[in-house]
Amino acid sequence: MKKNILQKYSLFLLLFCFTFQFAHAQCNPKIDSLLTIYSKHVKENAVRKETQVLNELAREYILIGQKEEALDYGSQALSLAEKIKDTRQIVFALRNIGLVQYKLDPQKFENTVSLFKKAINLSEKSAEKLDYAHVCADYARFYYEIKYIKEAYLDSASKYYNITYAIYKGLNQKNKLSATAEALAEVYFEKGDQDKALEYSDKSLEALDVASFSKASIIKRSLDAKISADAGFRYVSIFALILMVVFIAVLIRSFLIAKTHSQELQGQKDELSKTNKEIEIQKNELEEKNIRIKRSFQELEDKTKKIEAQNREIEIQKEELQIKGNELLEKNEELLQQQEEIKTQRDNLGIKTEELEKSYETITILSKIGQSITSSLKLEEVFVSLYHYIKELMHADGIAVAEYEIEDNHLAYKFVLEGENKKNYAPLSLKNQKHPATWCIKNAIPITIQSQQDLIARYEFTEDNWNSDFQSGIYMPLLSATKVIGIIAIFSKDKYAYTPQHLEMIKTLSAYTTIALKNAETYEILNAAQQQLIESEKMAALGNLVAGVAHEINTPVGICVTAASRLDSKTKELNNLMESGQMKKKDLSDFIATSQEGMKILLTNLQRAADLVQGFKRVAVEQSIETKRTFELKKYLEETIMSLRPELKNKPYQIELDLEDIQINSFAGGFSQILTNLIMNSIIHGFKGRENGIIKIETKQKNKSVIFVYSDNGNGMTPEVQAKIYEPFFTTNRENGGSGLGMNIVYNLAVQKLGGKLTLESEENKGVRFTFEIPLGV
């Protein structure tokens, strides 16, 4: 009879657990709440709280039997906990992963045991003894659930449950003490140790101070029944007599109890009679409701009859389907086998599809990165962009890029970042073959280092050649054709941070980095050549200026020489007259008049020469010294045009000026260079093949800007020439030594240096018109 009761209780308990778990899985507000909290912590970047919620989510999914979700959240929690070095959360995550990993993949038994042992070692060292107890309980539970594999696992389960029981007892955790005692009773029951099973069953019930309906009570009853049955066989006669005495005593006690209960029931009966009157009133109300319900029942009966008729038809169809079902059962077995094969193939295909999708995404990202870093010509920008892109693809705490300088036989570090801090590394000699970078250059193959121990064990590098802040890294040679031109290295503070896929990514990025280095090197060479040509162009303009001023100075200086010679001659004549005693008053008056006229000529022409020299000095200095000052624009442009008169002399070209008096704070040399280049362009290109030409120069003030207009009535430009006029090295006069930098210099000066705007209007054979809008103050 006790066995039947035990079976009933067991079935009831299993049904209850199944129903609870199903309901819990269908609607679990706690999981919804935890997911909301987790999203909030992710937005706030609260990593520690995020880790705690992930562990709680994993535990909730374990309780409802959703192992994959539990493993996923547990793994995420472990990764974050290890990153922030939170020992308690690491232990919690290891417990969660250990409880589900083996169930999902029995091949990972050793790995699961390793996880639990790691959790036990960490929690045992911790001050939180309750965490240690929780880990031991989960470890014992793991061994108990796999007891069917090996009976020895029951010994491991009892060992760790006993450790858990001792800790809970010391901490006075009654509920957990009861649950642990109950688990121990179950373990000893499975092992066949009835005494121990009874002992811990009693301890479980004593811890709660109630005779609760639990596994412990069931085990206790089962063992009591078995012991009673065995003892009955041995002592049937003695126990039969004792049972009769006990039975009589129980009957007497029951009679007394029944009498007491009868008196209590009488009192309750009186109270019930009062309550009945109230119920009678309610009964009348209920009768009215019953009438309405009967009507509803009648309608339901009509519907039920219809449903019964339908059910009969369904029953007939069911019998027909039963026949067909028997036929299908045979085919179903074949289909099941085929389904298993298809499922296996589909799983394999799914894994391959995921790998292909990831590969495609990686290739797309790498292509975009390549376009980005090869489009820049500044190495600093290239390396910073490269580092940030790498951090998006993989974990990276540092990067180093070095160029192999063959002449010096060393690696020159061009760019080093540790975290977000830029570092300067000294050149590394290739004679040091104990360094990963030099080894990589010498052998022209990449190196992957997974830990500091790996650094020494696999490659025999020395620790003094490695930054102790990092654990793992990749060294990748930069190859141009088959020639090594440098290396790129990335580093991580985590062990085993890089996979073969990461190595392939870095290999691709190293090719892009090589292209970027070559592009930057070519750009620097071209830029240096351009600057040299620009300086040559400036010096040529300055040479023209010197020649022009020298020509202009010759005239007043020649006049001064003539006047001085005449004065010298007249002085000698007067001196001879005075020495001979023949000098008259008229001779002295004529000499004074001649001297005054000569001095006037000398002063006038020397002042003119001084003005020319001063103007030359201002223009030349402004073209060579790039300083900003306040000056009169009209006067400065006139001085610039004066310096160009030798270029216009004996040429049928005129310059018409319409200049306002405007004071401007800017780079005077820029205006001089612009005007000089434009006038020379008109002479060389605009008036080529023409008998005459007119150049017009206008300035006027508009708000806080100067409108400077330069135009001529020369040959003009075709649309094709206009489209390329400002490009460096573009010229239509290459055969006569044109550099193609004149208009490029004009554009750069006007837009970049003077901060203005430049527009061009031109038609073929209708001249050109350049309009500059330049601010009064740069």
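Just one of the listed residues (Ile307, Ile281, Ile293) is open to solvent by 100 Å² or more (accessible area, probe 1.4 Å) and among the β-branched types (Val, Ile, Thr), namely Ile281. Within the range 138-156, the set of residues being under 42 Å from the mean Cα position of the chain (by Cα), open to solvent by less than 20 Å² (accessible area, probe 1.4 Å) and not acidic (Asp, Glu) comprises Tyr139, Phe142.
Only residues that are within 21 Å of His502 (Cα to Cα) and at pLDDT 75 or above were counted in the range 446-465, giving 9. Pairs meeting the criteria (first residue in the range 645-657 and more than 16 Å from Glu691 (Cα to Cα) and of a type outside the set (A, V, I, L, M, F, W, C), second residue open to solvent by 50 Å² or more (accessible area, probe 1.4 Å) and not in a helix (DSSP H, G or I), beta carbons under 9 Å, at least 6 apart or on different chains) are Glu656/Ile694; Glu656/Lys696; Glu656/Glu698. Taking the criterion of being within 26 Å of Lys391 (Cα to Cα) and open to solvent by 50 Å² or more (accessible area, probe 1.4 Å), the residues of the range 428-451 that qualify are Trp439, Ile445.
Kindly indicate whether any position in the range 713-726 is touching a helix residue (DSSP H, G or I) at 6+ places or on another chain (Cβ under 8 Å) and without any contact (Cβ under 8 Å) to a residue 40 or more places away in the chain. Yes. Residues in the range 481-526 that are modelled with pLDDT of 75 or more and hydroxyl-bearing (Ser, Thr, Tyr) were compared, and the one that is farthest from the chain's Cα centre (by Cα) is Thr514.
The set of residues in the range 145-197 that are among the polar types (S, T, N, Q) and within 22 Å of Leu99 (Cβ to Cβ) comprises Ser156, Ser158, Asn162, Thr164, Gln173, Asn175, Ser178, Thr180. Candidates in the range 452-477 are the residues that are touching a strand residue (DSSP E or B) at 6+ places or on another chain (Cβ under 6 Å) and either among the small types (Gly, Ala, Ser) or touching a residue at least 40 places away in the same chain (Cβ under 8 Å) (or both); of these, the one that is surrounded by the most Cβ atoms within 10 Å (Cβ to Cβ) is Gly473. When we screen Gly755, Gly716, Gly689, Gly738 for residues that are open to solvent by less than 50 Å² (accessible area, probe 1.4 Å), farther than 18 Å from Leu657 by Cβ and at pLDDT below 90, the only hit is Gly738.
The selection criterion, being under 24 Å from the mean Cα position of the chain (by Cα) and outside any strand (DSSP E or B), does not hold for Glu407.
Considering only the range 127-137, I want to know if a residue exists there that is out of contact with any Leu (no Cβ under 7 Å at 6 or more places or on another chain) and open to solvent by 70 Å² or more (accessible area, probe 1.4 Å). Yes, that holds for at least one residue. Could you check, for the range 115-124, whether at least one of its residues is touching a residue at least 40 places away in the same chain (Cβ under 8 Å) and either out of contact with any strand residue (DSSP E or B) (no Cβ under 7 Å at 6 or more places or on another chain) or open to solvent by less than 80 Å² (accessible area, probe 1.4 Å) (or both)? Checking the range 115-124: not a single residue is touching a residue at least 40 places away in the same chain (Cβ under 8 Å) and either out of contact with any strand residue (DSSP E or B) (no Cβ under 7 Å at 6 or more places or on another chain) or open to solvent by less than 80 Å² (accessible area, probe 1.4 Å) (or both). Between Ala412, Ala400, the distinction of being open to solvent by less than 10 Å² (accessible area, probe 1.4 Å), in a strand (DSSP E or B) and under 22 Å from Ile485 (Cα atoms) belongs to Ala400 only. Might you check whether a residue that is open to solvent by less than 20 Å² (accessible area, probe 1.4 Å) and modelled with pLDDT under 90 occurs anywhere in the range 643-650? Within the range 643-650, one or more residues are open to solvent by less than 20 Å² (accessible area, probe 1.4 Å) and modelled with pLDDT under 90.
The values are calculated or read from the model by the stated rules, or taken from the named source; none is laboratory data. Remember, predicted model here, so these are calculated numbers, not experimental data. Backbone-built Cβ (ideal geometry, glycine too); neighbour counts: all protein chains shown. To get the accessible areas, we keep the full protein, side chains included, count just its heavy atoms, and leave off ligands, DNA and RNA. Shrake-Rupley method; radii C 1.70, N 1.55, O 1.52, S 1.80 Å.
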